[in-house]
Amino acid sequence: MSSQIDHLLTETRRFAPPSSFAAAAVGTAELYERAAADRVGFWSDQARELLHWHTPFTETLDWSNPPFAKWFADGELNVAYNCLDRHVEAGAGDRVALLWEGENGDERRITYAELTAEVKRVANVLEGLGVGQGDRVAIYLPMIPEAIASMLAIARIGAIHSVVFGGFSADSLRSRIDDAGAKVVITADGGYRKGKVSSLKPAVDQALADRNGSGVQDTVDHVLVVRRGGNDVAWTEGRDLWWHDVVPAASDHHEAQAFPAENPLFILYTSGTTGKPKGIMHTSGGYLTQAMFTNKVVHDIHPETDVFWCTADIGWITGHSYVTYGPLANGATQVLYEGTPDTPHPGRWWEIIQKYGVSIFYTAPTAIRSFMKLGREIPQKFDLSSIRLLGSVGEPINPEAWMWYRKVIGGKAAPIVDTWWQTETGAIMISALPGVTETKPGSAQVAIPGVSIEVVDDDGVHVGNGNGGLLVVTEPWPSMLRGIWGDPDRFVETYWEKFSAQNYYFAGDGARLDDDGDVWLLGRVDDVMNVSGHRLSTAEIESALVGNEAVAEAAVVGASDETTGQAVAAFVIIKQSYLAAHSPDGLAQSLRAWVGEQIGPIARPRDVYIVEELPKTRSGKIMRRLLRDVAEGREVGDTTTLADTAVMSVISAQVR
Ligand code: WTA
């Protein structure tokens, strides 16, 4: 890490926005002044100016019971109305909302009027199935327009969605359905991935299979199934419904009811430091205000002329805030792409940008690095001149990748916004404003207007410019998580206990302030890994590994990886009986596959090292830092706190 910091500190390049960009930018320097003068008043203005309120709020922020915040609490709104109906009523019904491209080349252009009608039909169907305010609906879908329509229909009726990434296993889906107590699951037969149909419905069937004796009550009454892959699926009469049978037949009249600003909008599960994923809960008014505001001023959305493309899947928070809610609340036109970046050819993304004239492109550093590896010849075959702004999210972007992004994709002119935020923060927290900030390759730079962040030491004391420490948010913000579903204690412990004296939100990231006070993110300081921009917990993968009958003990670390940022490296102790009967290579292969089945392919370890012992302190805590040294091929650090100091040389020898 220290060589990385030194390297970052020598970065002195600066890029001012092109003057034509600055002149037309939505986000201006005045926003910082307004927010600095009256932070709470600033958000109150944003909420009023940006959203339609059925009942206006009179109180902006209630922070009388920290860390439980309420924003705009006596106001009432309908989130879907704000994303759809109001644009149609304002005369923008013919504007394209979604430019959908299937991986297999299918295309659909859906206007705001059409999407509004579809969402009304789905809302009627869900109400017909008995779904109402506060009920949970799970979504397990590919990136197809029905995924967006489902989220908005659930929001429209005041229910709560829980989107589960389509790459998660039946087990992961099951634990999320159970934790939320979902009443309905919306899925598809399958979707296109890497040139073939990848099925989804069988995982839902497996997740909902016979729970007799499991002690878990089955809450799911219905499964609504979109036909996309055309693959054969099993059918449970009475429970399963085809989307194409019920949605087109439903009425497209549906009046949007008003719900309180603090009505829960969604639960989204994310990895923490323990084995059990946390259901991060977001509510309506504050979330939508900040998602829309940041999309507008950070992504510089001009809805009449821009074509926006955020490449995130709706299974992640980036897909929630910058595919579904932010762009649609802004009335933007956006690209939605079903498949993988390299199917059927490695230039697919650039081809899509050329085809649709994408002007604002938002993706993750891991994708940029993998394109860098393939070479600039591939993007250079396409006309990318429509691009005027680039964004990055999910992990620190190294200056080399930043420069490549600027030169090869941005034509040496488009500003780059490196946006730091989390599932928990709901929306962007740290980022340049592209028409205002002089950008620095590798730094996320400054808090957005209305957000207060600091870098502090372990005691919560500000470290000051030129120093490193822990990133905290010092004041409540509108799109902050309101809790962990079903576990208020864990919410307080995880994020607020560390700096309870100051009421600071502890993000779990290390950061450094440069001499200008700009923020450089340095990665997680806890046992959360970041693989290709996806959060994975070491504990969750360890618990999957020890769930395999061959494994006696396991320790997992995130090892740095040139393309994916970090990669999962697992150290496992195999039971004697299995060691005798199987080859180490065979065991390692089958354990990689096992983790893929248990959690999902994204969690599959890059390396499985079979070892005889693990490095532990006298109190029995595994010293992951030392394992990381081994996995990254470094000399092993200080081992003096180990119970048995010889153990690391044994492990190093075995790994080699
Ligand atoms: C990391 C994704 C550096 C960080 C929106 C954070 C980043 C975690 C950046 C949240 C960035 C996200 N620079 N690190 N621009 N953006 N991170 O919940 O470690 O999937 O805590 O939200 O990603 O991941 P999550």
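For Cα pairs less than 8 Å apart in space and 6+ apart in sequence, what is the mean separation divided by the residue count of the stretch 43-97, i.e. the relative contact order in percent? If you can, show how the numbers build up before the last one.
On the way: 50 pairs, mean separation 16.2, N = 55.
Computed over the stretch 43-97, the figure is 29 percent.
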- request: May I ask you to give the solvent-accessible area per residue for the stretch 2-507, in square angstrom, as obtained with a 1.4 angstrom probe?
  value: 35 Å²
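Sort the following peptides by mean Cβ neighbour count (other Cβ atoms within 10 Å, averaged over residues), highest first: 553-563, 137-147. All intermediate terms of the calculation are to be shown ahead of the outcome.
On the way: 553-563: 20.6, 137-147: 25.4.
Result, highest mean Cβ count within 10 Å first: 137-147, 553-563.
Show me the chymotrypsin sites (Phe, Trp or Tyr not before Pro) within the stretch 480-577 that DSSP assigns to loop and that have at most 14 other Cβ atoms within 10 Å of their Cβ.
Of the chymotrypsin sites (Phe, Trp or Tyr not before Pro), not one in the loops of the stretch 480-577 has a Cβ with at most 14 other Cβ atoms within 10 Å.
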- line: Listed by chain and number, the aspartates and glutamates with an alpha carbon less than 13 angstrom from that of Lys296, same-chain partners under 8 positions apart left out, are Glu49, Glu304, Asp306
task: Would you list the P(r) distribution for the stretch 532-655, with all Cα-Cα distances sorted into 5 Å bins from 0 and each bin expressed as a whole %?
output: 2, 11, 22, 24, 20, 14, 6, 1
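Across all directions of projection, what mean area in square nanometres is found for the Cα convex hull of the stretch 96-209?
Numbers: hull surface 27.9 nm².
Quarter of the Cα hull surface area: 7.0 nm².
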message: Quick check: pseudo-label points 7 Å beyond the Cα along Cα→Cβ at Ser386 and Glu549, how many nm apart are they?
response: 5.5 nm
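Restricting to the stretch 2-507, compute how many DSSP beta bridges are antiparallel as a %, nearest 5.
Numbers: 33 of 68 bridges.
In the stretch 2-507, approximately 50 percent of DSSP beta bridges are antiparallel ones.
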- request: For the stretch 599-645, divide the Cα radius of gyration by the Kirkwood radius and give the resulting Rg/Rh value with two decimals.
  value: 1.04
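From the cross-link list Lys373/Lys412; Lys355/Lys440; Lys183/Lys276, which pairs have alpha carbons spaced over 26 Å apart?
On the way: Lys373/Lys412 19 Å; Lys355/Lys440 31 Å; Lys183/Lys276 21 Å.
Check vs 26 Å cut-off fails for Lys355/Lys440.
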message: If R₀ is 30 angstrom, what is the calculated FRET efficiency for the pair Ser560 and Glu30, using the beta carbon separation as r and rounding to 0.05?
response: 0.15
- prompt: Over all directions, what mean area does the Cα convex hull of the stretch 2-507 project, stated in square nanometres?
  reply: 23.2 nm²
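Could you work out the relative contact order of the chain? I mean the mean sequence separation of Cα pairs under 8 Å and 6+ apart, divided by the number of residues, in percent.
13 percent
When the Cα atoms of the stretch 456-557 are enclosed in a convex hull and the volume is divided per residue, what value in Å³ results?
On the way: hull volume 14.9 nm³, N = 102.
Each residue corresponds to 147 Å³ of Cα convex hull volume.
May I ask you to derive the FRET efficiency for Gln576 and Asp607 from their Cβ-Cβ distance with R0 = 30 Å, giving the value to the nearest 0.05? Working shown, then result.
On the way: r = 22 Å, r/R0 = 0.75.
About 0.85, to the nearest 0.05.
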task: Would you please state the base-10 log of I(q)/I(0) at q = 0.10, 0.16 1/Å for the stretch 1-152, with intensities from the Debye formula using one equal scatterer on every alpha carbon?
output: -0.67, -1.14
Cβ-derived FRET efficiency at R0 22 Å, His462 paired with Thr641, nearest 0.05: 0.15
statement: Cross-link reach from Lys70 to aspartates and glutamates, straight Cα distance under 16 Å and at least 8 residues apart if same chain, gives Glu59, Asp62, Glu262, Glu424, Glu475
task: Would you kindly state how much longer the chain becomes between Arg108 and Gln217 on full extension, computed as 0.36 nm times their sequence separation minus their alpha carbon distance, in nm to one decimal?
output: 35.3 nm
Portion, in percent, of the accessible area of the chain that falls on carbon or sulfur, probe 1.4 Å: 48 percent
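The values are calculated or read from the model by the stated rules, or taken from the named source; none is laboratory data. This structure is a prediction, so every number in the text was calculated from the model and none was measured. Cβ coordinates were reconstructed from backbone atoms using ideal geometry, including for glycine residues, and neighbour counts include every protein chain displayed. Remember, those area values only see protein heavy atoms, side chains included, never the ligands or the DNA or RNA. Shrake-Rupley method; radii C 1.70, N 1.55, O 1.52, S 1.80 Å.
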